[in-house]
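Notes to accompany the following structure.
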Amino acid sequence: MTTPATAAAGSGANPYGLLPALQGGGVISWSVFIILTLSLAISIFILLSKLAEQQKIINQGKKVRTTFWSAPNLRDAANKLDKNSAYRQVVDDGLLAEDQHTRLTDPVDQHEWVNNSIARSTNSIGAKLASGLPFLATVGSVAPFVGLFGTVVGIYRALIAIGASGQASIDKVAGPVGEALIMTALGLITAVPAVLAYNWLLGRNKNVMKDLTAFANDIHAYMVSGGAVRPNAGLIKPAPTKVAATASGVQTKA
């Protein structure tokens, strides 16, 4: 009597590949496979899109450090930034808060009013950067258990095959066991990149927000001081005073 595995081998097909394992597992195996594959694809998309978004803000920060603070005032400095720049959003929200403060009927300290407006602006940028990260964390936590569910189903099918045939022949258990191992591997392949991407993006977000928060603090100090307080970055430093020695040994400034 020819077994299915022997017949498949004689026909040149692989009876223990991915597709035969999924077909043998039925709806449950296909559902687990589709869920994990989609989760992996979405995780990769989130990783690439967030990396591009973070790099865009990092490049904007470099432009701020080189050109922004050399402008005579904030409005002229804001015009040097891109309209969709995260840094320009902070400046625009600060200028808007400064204009609105004069229209308040109930007196509020300008320092507190501007600070709250700039803080809301930076928080909204941080929330946008963090979008998608909960999905990566969920995939990293849940994917191994989804793969384990497929593994349990495959082992269960192998035990049923052994019980039905009365013997643990390789052709009876190879398919279900192979299906179980495939589900375990797919769960790990989905979870590990999601966890790594989550931790990497989270660390990069902290660095981006650190620079953005420092810039927001500089904007706040500049506004509440009437332009008297500003960072040294980008400013033209005055020429050093030359000291000349006289014949009497007394130094005079040139």
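FYI, it's all coordinate maths here, none of it is from the lab. Everything numeric in this text was worked out from a predicted model, so none of it was measured. Here Cβ is always computed from backbone atoms with ideal geometry, including for glycine, and neighbour counts include all displayed protein chains.
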For segment 100-145, which trypsin sites (Lys or Arg not before Pro) pass both filters: DSSP loop (anything but H, G, I, E, B) and at most 13 other C-beta atoms within 10 Å? R103
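Going by a ≥ b ≥ c, the root eigenvalues of the Cα gyration tensor, does segment 25-114 fall in the rounded group (a/c under 1.5), the prolate group (a/b larger than b/c) or the oblate group?
Verdict is oblate for segment 25-114.
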Computed FRET efficiency, Cβ-Cβ of R65 and T102, R0 30 Å: what is it to the nearest 0.05? 0.45
About the Cα centre of segment 14-228, what is the dipole size in debye to 20, counting +1 per Lys and Arg Cβ and -1 per Asp and Glu Cβ, all else neutral? 500 debye
For the pair R75/S141, report the inter-label distance in nm, with labels modelled 7 Å from Cα in the Cβ direction. 4.9 nm
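Fully extended, how many nm does the chain gain between R120 and V152 (0.36 nm per residue separation, minus their Cα-Cα distance)?
Values: separation 32, 0.36 × 32 = 11.52 nm, distance 4.85 nm.
Full-extension gain reported as 6.7 nm.
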Could you pull the Cα extents of segment 14-228 along its three principal axes, largest to smallest, in whole Å? 89, 38, 21
To the nearest 0.05, what FRET efficiency results for A228 and A130 with a Förster distance of 30 Å applied to their C-beta separation? 0.30
If each of A214 and I160 carries a label point 7 Å out from its Cα toward its Cβ, how far apart are those two points in nm? 6.2 nm
Work out, step by step, the length gained on full extension between I58 and I34: first 0.36 nm times the residue separation, then minus their alpha carbon distance; give nm to one decimal. 5.0 nm
Counting only backbone N atoms under 13 Å from a point 7 Å out along Cα-to-Cβ of F45, the residues of segment 108-151 in range are 132
